[in-house]
Amino acid sequence: MFGKQIRLFRLAGFDVMLDLSWIFIALLVSWTLASGYFPEIYPGLAPLTYWSMGIVGAAGLFLSIILHELSHSLVARRFDIPIKGITLFIFGGVAHMEKEPPTARSELLMAIAGPIASLVLAVSFYLLASAARAAGLGEAITGVAGYLALINLVVAIFNMVPAFPLDGGRVYRAWLWGRLGDLNEATRRASSAGQTFGLILIALGVVSLFSGNLIGGLWWGLIGLFLHSASRASYAQLQAHVLLEAEPVSRIMTKNPVTAPGDISLRELVDNYVYGSFHECFPVMEDEKPVGVIGVADLRELDRTEWEKRRVFDTMRPLSRANVIGPEENAETALRAMREGGTSRLLVVKDGRLLGIVALRDIMRLMELKQSLG
């Protein structure tokens, strides 16, 4: 879902990240508020005042979304659900939950925390706007506070739509889970509702486009497309969890993989190992112990004239959590590690001994076989 991310700060033990797509929405919100929303509601102010209100309003929205996601994260921590961090992106924010909630009750409480936080913020900003108006602090302050009260109310209401993975969709899933006792079926139904709602938003976007509302139509369409794809992806992620959670890496790894010594040249590696085995990735060994990994992708980044001069030791990637996994870990953990590390293969190592290699295609094949067997 996300591209390049920037770490902003740490809040209550959670890393707050900024996806570069958020910069676009921040600029758009500031411009819309400064050139359209505030001039229409509060006419007669100076252009600099409108732009100041727009920038502060966008910053307030930024803070509100962080607090909304923080509320999810704090409740998740209460139920020992790992949250990797909070990311702000073009469509708002998301708390990265590393595993599913353990019970329907924990799912319900975690989901409802976000809208409750937004409602509290809406009331707080409304009271601030009323106090500023009563104190005669001017339209700039009352206008921004009033906007933040309104936008937090909209966020709370929109998020309670029963369309997974919106908060309301998670509440709906929690209710289904408690009634059916089956998380997979509850997720399937909630995901279907999310996909349907996404299609409705796309249809509204098309209608808006034909009605001449270009900007509104594009946004409705983009949000609908995002919700539709996010709903499908969320269900696929749960299916992967169900299919892979009980499968240890040792069951699907390739044992006794072809290894390469570290003191040979890259030319020798290509001629004798890549072309000799048609493999794309090789554990690098020293004194019969794995010390790194090298693959075809590492060679592509080098000029071929370097192949004669450089050794495997000079080019390999040292062993790290990004390319090593234990045999007792499950296939779901391996899949997550591959996604986070941007790799398709992991070395399976225990007590300094190389046991095998697990590849993405092996995990995908296992999923296909388990799905075909029901």
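The values are calculated or read from the model by the stated rules, or taken from the named source; none is laboratory data. The structure displayed is predicted, hence computed values, not measured ones. Positions of Cβ are backbone-derived with ideal geometry, glycine not excepted, and every protein chain shown enters the neighbour counts. Heavy atoms of the whole protein, side chains included, go into the accessibility calculation; ligands, DNA and RNA do not. Shrake-Rupley method; radii C 1.70, N 1.55, O 1.52, S 1.80 Å.
Using unit Cβ charges (K, R positive; D, E negative) and no other charged atoms, how large, in debye to the nearest 20, is the dipole of the chain about its Cα centre? Walk me through the numbers on the way to the answer.
Details: 34 positive and 34 negative charges, 124 e Å.
It works out to roughly 600 debye.
Suppose the Debye formula is applied to equal point scatterers at every Cα of the chain; what is log10 I(q)/I(0) at q = 0.07 Å⁻¹?
Calculated log10 I(q)/I(0) at the listed q: -0.45.
If the viscosity is 1.567 mPa s and the temperature 4 °C, what Stokes-Einstein diffusion coefficient in µm²/s follows for segment 100-220 when Rh is the Kirkwood radius over Cα pairs? Let's see the in-between values first.
On the way: Rh = 16.4 Å.
Answer, rounded: 79 µm²/s.
When the helix-only estimate is applied to the chain (DSSP H runs of n ≥ 4, each -39,500 (n - 2.57), divided by the residue count), what is the mean residue ellipticity at 222 nm, nearest 500 deg cm²/dmol? Walk me through the numbers before you get to the answer.
Working: 13 runs with 210 residues, N = 374.
It lands at -18500 deg cm²/dmol.
With charges only on Cβ, +1 for K and R and -1 for D and E, what is the dipole size of segment 184-317 about its Cα centre, in debye, rounded to 20?
With Lys and Arg at +1 and Asp and Glu at -1, about 680 debye.
May I ask you to give the percent of accessible area on the chain that is carbon plus sulfur, with a probe radius of 1.4 Å?
Values: 11930 of 19710 Å².
Here it works out to 61 percent.
Helix 360-372 versus the longest principal axis of the chain: what angle, 0 to 90°, nearest 10, using Cα atoms?
For 360-372 against the chain, the angle is about 70 degrees.
Measuring from centroid to centroid over Cα atoms, what is the spacing of segment 320-350 and segment 229-248 in Å?
Taking the Cα centre of segment 229-248 as reference, the centre of segment 320-350 is 17 Å away.
Collect residues whose amide H, placed 1.01 Å from N in the peptide plane, falls under 5 Å from the amide H of residue 161; neighbours closer than 5 in sequence don't count.
Close amide H contacts, sequence-distant or interchain: 168.
What number comes out for accessible area per residue over the chain if the probe is 1.4 Å? Units Å², please. Before the final figure, lay out each step's value.
Details: 19710 Å² over 374 residues.
Averaged over the residues of the chain, the accessible area is 53 Å².
Show me, for segment 49-61, the HN-Hα J-couplings you get by feeding each phi into the Karplus relation (A = 6.51, B = -1.76, C = 1.60, θ = phi - 60°), rounded to Hz, glycine and proline as x.
5, 4, 5, 5, 5, x, 5, 5, x, 5, 5, x, 5
About the Cα centre of segment 201-279, what is the dipole size in debye to 20, counting +1 per Lys and Arg Cβ and -1 per Asp and Glu Cβ, all else neutral?
Using only the charged Cβ atoms, the result is roughly 260 debye.
Would you mind checking which residues have amide H under 5 Å from residue 292's amide H? H placed 1.01 Å from N; only 5 or more apart, or other chain.
Sorted by chain and number, the residues that satisfy this are 284, 319.
Where q = 0.17, 0.18, 0.20, 0.25 Å⁻¹, what log10 of I(q)/I(0) comes from the Debye formula for segment 1-72, counting one point per Cα?
Summing over Cα pairs of segment 1-72 leads to -0.71, -0.76, -0.86, -1.08.
Just to confirm the number: angle between the C-alpha axis of helix 167-180 and the first principal axis of the chain, 0 to 90 degrees, nearest 10?
Roughly 70 degrees, rounded to the nearest 10.
With no solvent and one point per C-alpha, what does the Debye sum give as log10 I(q)/I(0) for segment 219-310 at q = 0.16, 0.19 Å⁻¹?
Per q value, in the given order, log10 I(q)/I(0) is -0.77, -0.88.
What residues have an amide H closer than 5 Å to that of residue 356, excluding those fewer than 5 places away on the same chain, when H is modeled at 1.01 Å from N in the peptide plane?
Residues meeting the criterion, in which the H sits 1.01 Å from N, are 348.
Between 0 and 90 degrees, rounded to the nearest ten: what's the tilt of helix 139-159 against the longest Cα principal axis of the chain?
That works out to roughly 50 degrees.
Going toward the positive end of the dipole of the chain, with +1 on Lys and Arg Cβ and -1 on Asp and Glu Cβ, which of 94, 177, 228 do you reach last?
177
Could you rank the peptides 107-120, 58-71, 330-343, 41-54 by their average count of other C-beta atoms within 10 Å per residue, with the highest value first?
Ranked from most to least packed, the peptides come out as 107-120, 58-71, 330-343, 41-54.
Ranked from highest to lowest mean number of other Cβ atoms within 10 Å per residue, what is the order of the peptides 127-138, 73-84, 185-196?
Going from most to least packed, we get 185-196, 73-84, 127-138.
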